[in-house]
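Enquirer: Next up is a structure, given as C-alpha cells.
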There are 2 protein chains.
Amino acid sequence: MKAPVTLKQLSLLLNISIATVSRALKDHPDISVETKKKVRELAGIMDYEPNAYAISLKTNNSKEFGIIVPEISNYFYNYFIAAIEEEARRYGYSVIILQSGNDPQQELENIRRCRKSRVTGLFVSTITDSVDMTEFKKTEDSGIPVIFFDKVPAYNSCNKVCVADEQAATIAAHVMINKGKKDVLAIFGDSNMSISASRKSAFCEELRSNAPDCKITTIEARNSEEAYQRAAKALKSKKRPDGIFCMSDEILSGVMKAIQLLKLNIPSDTGVIAISNGFIPQLYYPEITYAETSGFKLGKLAFARMMACMAGSTFTQTIIAESVLVNGGSI
Amino acid sequence: MKAPVTLKQLSLLLNISIATVSRALKDHPDISVETKKKVRELAGIMDYEPNAYAISLKTNNSKEFGIIVPEISNYFYNYFIAAIEEEARRYGYSVIILQSGNDPQQELENIRRCRKSRVTGLFVSTITDSVDMTEFKKTEDSGIPVIFFDKVPAYNSCNKVCVADEQAATIAAHVMINKGKKDVLAIFGDSNMSISASRKSAFCEELRSNAPDCKITTIEARNSEEAYQRAAKALKSKKRPDGIFCMSDEILSGVMKAIQLLKLNIPSDTGVIAISNGFIPQLYYPEITYAETSGFKLGKLAFARMMACMAGSTFTQTIIAESVLVNGGSI
DNA sequence: AACATTTGCGAAATCATTTGCGAAAACGTT
DNA sequence: AACGTTTTCGCAAATGATTTCGCAAATGTT
C-alpha cells in the first residue's frame, strides 16, 4: 500500500518547482528541452499518474461522458454504448454507464451522480414514464449538454437522437406487400409507449394504402411471454396468417417460441419479419429478416451531436437515424 | 449555466466560517442546534451539493466501485452487475462499468482509469489471454482491493469468485446418465481457456465413470458460428447423437440453429442440455434444460468478499458459487 | 474566588494540480 | 554599454471540502 506519486515528490527529487514539473509533463513551451527530458524520465521511472480528482477540481470537468440507460442488458443499448465508447476514446474521454432499472428514483440518482461528478456530457435514454424535466434542466444549466436517445421525452426543446420507427415499420410493411402476403399478423408492444403507437400506425397505414385487400390482425404484447402466448393462439386458428410482423426483439423471441411449439416451417408455413438490432434474428434458422435499427449508428450520431453541443451549439435538434432491411430468409 | 454552490458561498451569506458550515452540514456535535438549522435551511434553498472531487481529493477515495468486464452485452455479466449495484447502493456507493472489448490494451487502460479515479474496489473479469498481473498488483498496492470473478487468472494469490464449472458440468453429465444416453455430443469453447478445460474434464470424467458404455464425441467451437457449422455436420451423420451438451450460451445458440436447420425434434430426435445463465434457454420451445451459473448469486458473493477485503482481510480466497439444474424439457 | 471543563466556533493546513504573473538570466540589437 | 527581447522558471493563489488545533466564553467544581 504505497501512496501514489505526486508532482511535489518529483519536484523535490529534481530540485525544481512543482509548476515546472507540471508544465514539463504537458510539454509547455516555456520549459527547456533538457528539463522536460529529466522530468519525463523520472516521471516514467516512478510511474507518476496525475491525480484525476485534483485536475477535475481545478478544471471543473472530468473528461468523461455519462450514459444513463434503463438497463444495459439490451443489445440495442450495448451497441449504442459501444459506439459512444469508441468515439469517446478517440477524443481522450472515458465513459461511465449507469442503469436506472425501471425505477424513476434511481434515474434521478443517476442524473445527480453525473452532475456531481461533473461529466462533460450526458446521454440519456429515459424510463417509460419519466416526465420530470427539471433535473435535466438543472444539468444543462450547470453547463453539461444532455443528449436524449432512443426513449426520448415528449418535451420539445431538448436534443434528441432516435431511430426511424416509422421508416422501419414502413420497410417491414413493404416486404409484406412485395411478398404478396394476404393475411398479416402484426404484434406490437405496450400501447402506452409512443414507440409502439408510431410503429403501429406506420405499418398499418403503409400496408393498407398499398395492399388494400390484405387482412391485418394486430395484437398487443407487453413482453416476450405474452407474445408467445398470443402468437401461439393466433397461429393455431384455422386461417393461419401468412406473414408475421414483430415490432421488437422481445416480441420476436416470443413469436419464434410459438412457431417452434407448433412446429411450423419458416417461411413456407408463415413468413416472419421484425424490427431489430440484429442479435436475436441470427439465432434462428433461417435467420429472421428484419428492418435494422442500429444502436451503433445511433451512437455515432449522438456523439456527433454531443460534440456540436460542447462546441457551443445553442439550438436544440432532433435527429433520426435511418433503418435498412437485412434479409435473412424468413419471409 | 450557473456555477454550483459551494461552502464558501454559504459561509459568506451566513456570516460564519466555512469550517462551521461544513461541520453543521454533517451534524458535528461542536455546532449549536440553531447554527445547524440555519445552515441546513440555506443549503436546502440553494440546493447545495458537495463537490465530489474536492472530497475525493481530500479522502483519496471515491465511494464508487469499478467493474471491468470483457463486454456488457452478456446476460451473465448483466446479472452480476445488477447484484453489485444493488449491494453498492445499500452502502452508499455507486458503480462504474467499463468494457474491455477483446482488447488487452483496453483492459489495461480500464484498470488504470479505475486506479486514477481511486475507486474503492475493483471487480474484474479478465480477457481470455490476459496474463499480466503487474497492473493488478499495482492496483492492490495502492490500497484498492481487486476481486476477480468468472474469468479469473490462473495466478494463485488473488481473490477469486467463480461459478462451479466442474459442478455444473457434472450436473449436466448426470442428466445424460439418468436419461440413459448412449451417444453424447459435447461441445466446448476455446480450449485455451481454462473454463473450457475444466468443464470438459469434469463432464467427460463423470460420464465415463458412471456410464462407461456411453460414447462421447467432443467438439471445440470458439464461437456461435463455429458451433453451428460443426454441430450441423455432426448431426447430419448417420449415427446421430442422442444427447448434446453445450458448455455455454454461445455454443447453445449455434447448436439450436443447426437443429432448426435439420428440422430435428427436441427431445425426441436428440436431447439438449447446456450450462447457462438462463436467458438463451428460454428462447426456444421446448425450453432448454440447463445447469445454472447465476451471475446474480456470484455478484452477491463477490460483494461480500469485497467488503471483507475493505475491512482489512489480508489473506486471499477463492469462492465457488454452486450451480443448480433448471429443467426445461429439452432432454 | 480560583481553577478546570465544556461549548461553539474560526484560522489555517491539507489534498494535487493548474496558471497568471513576475523575475532572473541569456541573448540580440544598436 | 545600454537597452529591449526572449527564454526559462518559480511564487503564490486558487479550486472545494475536511480536519486539526486552538481560542474565547460559558459553565461547573471545590
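The values are calculated or read from the model by the stated rules, or taken from the named source; none is laboratory data. From a predicted model like this one, the values you see are computed outputs, not experimental measurements. Every residue, glycine among them, receives a Cβ derived from its backbone with ideal geometry; neighbour counts consider all protein chains shown. What goes into the accessible areas is simple: the full protein's heavy atoms, side chains included, and nothing from ligands, DNA or RNA. Shrake-Rupley method; radii C 1.70, N 1.55, O 1.52, S 1.80 Å.
Enquirer: Any residue in region B:72-89 that is under 24 Å from B:ASN192 (Cα atoms), part of a strand (DSSP E or B) and at pLDDT 85 or above?
Expert: no
Enquirer: Take the residues in region B:291-302 that are closer than 15 Å to B:ILE81 by Cα and outside any helix (DSSP H, G or I); name whichever of them is modelled with the highest pLDDT. Before you say what the answer is, go through the steps one by one.
Expert: Within region B:291-302, the first condition is being closer than 15 Å to B:ILE81 by Cα, and the residues that meet it are B:293-302.
Now drop any that are not outside any helix (DSSP H, G or I), which leaves B:293-294.
On the way: B:THR293: 91, B:SER294: 86.
Out of the qualifying residues, it is B:THR293.
Enquirer: Which condition number in (1) more than 14 Å from every other protein chain (Cβ to nearest Cβ); (2) in contact (Cβ under 8 Å) with a residue 12 or more places away in the chain; (3) more than 10 Å from DNA strand D (Cβ to nearest atom); (4) among the hydrophobic types (A, V, I, L, M, F, W, C) is the one that A:VAL5 fails?
Expert: Result: A:VAL5 fails condition (1) only.
Enquirer: Shifting gears a bit: Could you go through region B:166-180 and let me know if any residue there is free of Cβ contacts under 8 Å to residues at least 40 places away in the same chain, assigned to a loop (DSSP other than H, G, I, E, B) and open to solvent by 10 Å² or more (accessible area, probe 1.4 Å).
Expert: Yes, that holds for at least one residue.
Enquirer: OK, next. Considering each residue of region B:256-272, count those that are closer than 11 Å to B:ILE187 by Cβ and more than 11 Å from every other protein chain (Cβ to nearest Cβ), and give that number.
Expert: Adding up the residues that qualify gives 1.
Enquirer: How many residues are touching a strand residue (DSSP E or B) at 6+ places or on another chain (Cβ under 7 Å), at the interface with chain A (Cβ under 8 Å from one of its Cβ atoms) and open to solvent by 10 Å² or more (accessible area, probe 1.4 Å) when one looks only at region B:75-118?
Expert: 4
Enquirer: How about region A:269-312: which of its residues are open to solvent by less than 30 Å² (accessible area, probe 1.4 Å) and hydroxyl-bearing (Ser, Thr, Tyr)? Show your work before the answer.
Expert: The first filter runs over region A:269-312 and keeps only residues open to solvent by less than 30 Å² (accessible area, probe 1.4 Å), leaving A:270-278, A:280-281, A:283-284, A:286, A:288-291, A:293-295, A:298-299, A:302-303, A:305-306, A:309.
A:THR270, A:SER276, A:TYR284, A:THR289, A:TYR290, A:THR293, A:SER294, listed by residue number.
Enquirer: Please determine whether any residue of region B:44-64 is away from chain A (no Cβ under 14 Å), open to solvent by 20 Å² or more (accessible area, probe 1.4 Å) and at pLDDT 90 or above.
Expert: Residues of region B:44-64 away from chain A (no Cβ under 14 Å): B:44-45.
Subsequent filtering for residues that are open to solvent by 20 Å² or more (accessible area, probe 1.4 Å) retains B:44-45.
Retained after the next criterion (residues that are at pLDDT 90 or above): B:44-45.
Taking every residue of region B:44-64 in turn, at least one turns out to be away from chain A (no Cβ under 14 Å), open to solvent by 20 Å² or more (accessible area, probe 1.4 Å) and at pLDDT 90 or above.
Enquirer: Please work out which one of (1) assigned to a helix (DSSP H, G or I); (2) more than 22 Å from the chain's Cα centre (by Cα) is the condition A:GLY312 fails and give its number.
Expert: (1)
Enquirer: Separate question: Return the residues of region A:131-190 that are hydroxyl-bearing (Ser, Thr, Tyr) and more than 30 Å from A:THR218 (Cβ to Cβ); say none if nothing qualifies.
Expert: Scanning region A:131-190 gives A:THR134, A:THR139, A:SER142, A:SER157.
Enquirer: A:LEU252: open to solvent by 10 Å² or more (accessible area, probe 1.4 Å) and in contact (Cβ under 8 Å) with a residue 12 or more places away in the chain, yes or no?
Expert: No; evaluated as a whole, the condition is false for this residue.
Enquirer: Another question, if that's okay. Residue pairs, Cβ under 9 Å, 6 or more apart or interchain, first in region B:303-319 and under 18 Å from B:GLU86 (Cβ atoms), second open to solvent by 70 Å² or more (accessible area, probe 1.4 Å) and part of a helix (DSSP H, G or I). List them.
Expert: Close Cβ pairs (under 9 Å, with a partner that is open to solvent by 70 Å² or more (accessible area, probe 1.4 Å) and part of a helix (DSSP H, G or I)) amount to B:PHE303/B:GLU86.
Enquirer: Would you pick out the residues in region B:61-92 that are within 16 Å of DNA strand D (Cβ to nearest atom) and among the hydroxyl-bearing types (Ser, Thr, Tyr)?
Expert: Across region B:61-92, the qualifying residue is only B:SER62.
Enquirer: For A:ARG240, are the conditions met, namely being over 15 Å from A:ALA274 (Cβ atoms), open to solvent by 60 Å² or more (accessible area, probe 1.4 Å), more than 14 Å from chain B (Cβ to nearest Cβ) and at pLDDT 95 or above?
Expert: Numbers: over 15 Å from A:ALA274 (Cβ atoms): yes; open to solvent by 60 Å² or more (accessible area, probe 1.4 Å): yes; more than 14 Å from chain B (Cβ to nearest Cβ): yes; at pLDDT 95 or above: no.
Here the answer is no, as A:ARG240 does not meet what is asked.
Enquirer: From the list A:THR20, A:THR35, pick out the single residue that is away from DNA strand C (no atom under 12 Å from the Cβ) and either modelled with pLDDT under 90 or more than 12 Å from chain B (Cβ to nearest Cβ) (or both).
Expert: Answer to the check: A:THR35.
Enquirer: Also: Out of region B:189-236, which residues are small (Gly, Ala, Ser), open to solvent by 60 Å² or more (accessible area, probe 1.4 Å) and in contact with a Phe, Trp or Tyr (Cβ under 8 Å, 6 or more places away or on another chain)?
Expert: none
Enquirer: Residue by residue through region B:38-60, note down the ones that are more than 9 Å from DNA strand D (Cβ to nearest atom) and under 28 Å from A:ASP141 (Cβ atoms). Before the answer, list the steps.
Expert: Taking region B:38-60 as the starting set, the residues that turn out to be more than 9 Å from DNA strand D (Cβ to nearest atom) are B:38-47, B:60.
The answer is B:LYS38, B:VAL39, B:ARG40, B:GLU41, B:LEU42, B:ALA43, B:GLY44, B:ILE45, B:MET46, B:ASP47.
Enquirer: If I filter region A:138-151 down to residues being surrounded by fewer than 23 Cβ atoms within 10 Å (Cβ to Cβ), free of Cβ contacts under 8 Å to residues at least 60 places away in the same chain and assigned to a loop (DSSP other than H, G, I, E, B), which single residue comes out as nearest to the other protein chains (Cβ to nearest Cβ)?
Expert: So, considering only residues that are surrounded by fewer than 23 Cβ atoms within 10 Å (Cβ to Cβ), free of Cβ contacts under 8 Å to residues at least 60 places away in the same chain and assigned to a loop (DSSP other than H, G, I, E, B), the one nearest to the other protein chains (Cβ to nearest Cβ) is A:GLY143.
Enquirer: Would you mention how many residues in region A:1-31 are in a loop (DSSP other than H, G, I, E, B) and surrounded by 11 or more Cβ atoms within 10 Å (Cβ to Cβ)? Before the answer, list the steps.
Expert: Our first condition is that a residue be in a loop (DSSP other than H, G, I, E, B); within region A:1-31, this holds for A:1-6, A:15-17, A:26-31.
Then drop every residue that is not surrounded by 11 or more Cβ atoms within 10 Å (Cβ to Cβ), which leaves A:4-6, A:16-17, A:28, A:31.
Residues that pass the stated criteria total 7.
Enquirer: Let me ask you something else. Please go through region B:119-137 and give me each residue that is more than 14 Å from chain A (Cβ to nearest Cβ) and either open to solvent by 60 Å² or more (accessible area, probe 1.4 Å) or farther than 27 Å from B:LYS297 by Cα (or both), ordered by number.
Expert: B:THR128, B:ASP129, B:VAL131, B:ASP132
Enquirer: May I ask you to verify whether A:VAL124 is touching a strand residue (DSSP E or B) at 6+ places or on another chain (Cβ under 9 Å), farther than 12 Å from A:GLY66 by Cα and β-branched (Val, Ile, Thr)?
Expert: Numbers: touching a strand residue (DSSP E or B) at 6+ places or on another chain (Cβ under 9 Å): yes; farther than 12 Å from A:GLY66 by Cα: no; β-branched (Val, Ile, Thr): yes.
Considered against the rule, which asks whether it is touching a strand residue (DSSP E or B) at 6+ places or on another chain (Cβ under 9 Å), farther than 12 Å from A:GLY66 by Cα and β-branched (Val, Ile, Thr), A:VAL124 comes out as no.
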